[in-house]
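Structure first, then comments.
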C-alpha cells in the first residue's frame with residue numbers, strides 16, 4: 001500500500017485516462033486510436049532514452065509488483081540486461097505506434113501487440129497502474145474488433161465522425 005500512496009496521483013490519472021479511452025473506443029474508435037498512438041510513441045521515446053541514460057530506475061518495478069515471479073525476474077535476469085530489454089520494449093512500442101497510424105492489417109497487428117503489452121505489464125501492479133493496463137488492453141480489443149481501419153490521416157473519417165457527432 002505504500003507504493004499506492006507514493007504514486008497515487010499518477011495512478012488515478014492513468015486509470016481515468018484509460019477508462020475514458022475504453023469508452024471512447026466504443027463510441028469514436030478513431031479518437032482512441034489517436035490517443036493510443038500518442039501514448040505508445042511517448043512511451044517508446046521515454047523508455048528508450050531512459051534505458052540509455054538511467055537504466056537502473058527500472059529496478060524499482062521489482063518492489064512494486066505483488067508477484068514473486070515478476071520480482072525475481074526483475075531483480076535477476078532483467079537487472080543484468082536492462083538496456084537491451086527495455087530498448088527492445090521501446091522498439092515494440094514504436095511498432096505499435098506505427099501500426100496504429102497505418103491501416104487494415106497493420107492496425108490489427110498493433111492492437112494485438114497492445115493487448116499483449118498491456119496484459120504482460122499488468123502484474124507490475126502499481127508500477128503499471130493496474131488495472132489501467134487491462135483497460136488499455138480492452139480498448140485495443142475494441143479497436144481490433146471495430147473497422148474498417150483506414151489510415152489515421154484519412155480526413156474523410158474525421159468528417160464522417162463530425163457529421164455523426166452532430167446527428168447523435
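Roughly how tilted is helix 105-121, in degrees to the nearest 10 and between 0 and 90, from the longest Cα axis of the chain?
Between the helix axis and the principal axis of the chain, the angle is about 30 degrees.
Taking the 0 to 90 degree range and rounding to the nearest ten, how far is the long axis of helix 82-101 tilted relative to the main principal axis of the chain, both from C-alpha atoms?
On a 0 to 90 degree scale, this one is about 10.
Assuming R0 = 25 Å, can you tell me the calculated FRET efficiency for the pair residue 84 and residue 119, based on Cβ-Cβ distance, to the nearest 0.05?
0.65
Go ahead and estimate [θ] at 222 nm for the chain from helices alone: -39,500 (n - 2.57) per DSSP H run with n ≥ 4, summed, over the residue count, rounded to 500.
-24000 deg cm²/dmol
Relative to the longest principal axis of the C-alpha atoms of the chain, give the angle of the C-alpha long axis of helix 8-27, reported between 0 and 90° and rounded to the nearest 10°.
On a 0 to 90 degree scale, this one is about 30.
For the range 30-76 and the range 6-28, write down the distance between their C-alpha centroids in whole Å.
17
R0 = 25 Å: FRET efficiency of residue 12 with residue 153, Cβ-based, nearest 0.05?
0.15
If you take percent of Cα pairs over 26 Å apart from the coordinates, which of (1) 24; (2) 47; (3) 32 do you get?
The listed entry that was calculated here is (3).
Note the full-extension length gain between residue 4 and residue 77 as 0.36 nm times their separation in residues minus their Cα-Cα distance, in nm to one decimal.
Value of the extension gain: 23.7 nm.
At a Förster distance of 25 Å, what's the computed FRET efficiency of residue 23 paired with residue 59, Cβ-Cβ distance as r, to 0.05?
0.10
Most mobile of 44, 53, 150 per a Gaussian network model of the chain (Cα springs, under 10 Å)?
Top of the fluctuation ranking is 53.
Laboratory data are not the source of any read-out in this text; all were calculated from the coordinates shown. Because the structure is predicted, anything quoted here is derived from the model rather than measured. Note that each Cβ is placed from the backbone with ideal geometry, even for glycine, and that neighbours are counted across all protein chains shown.
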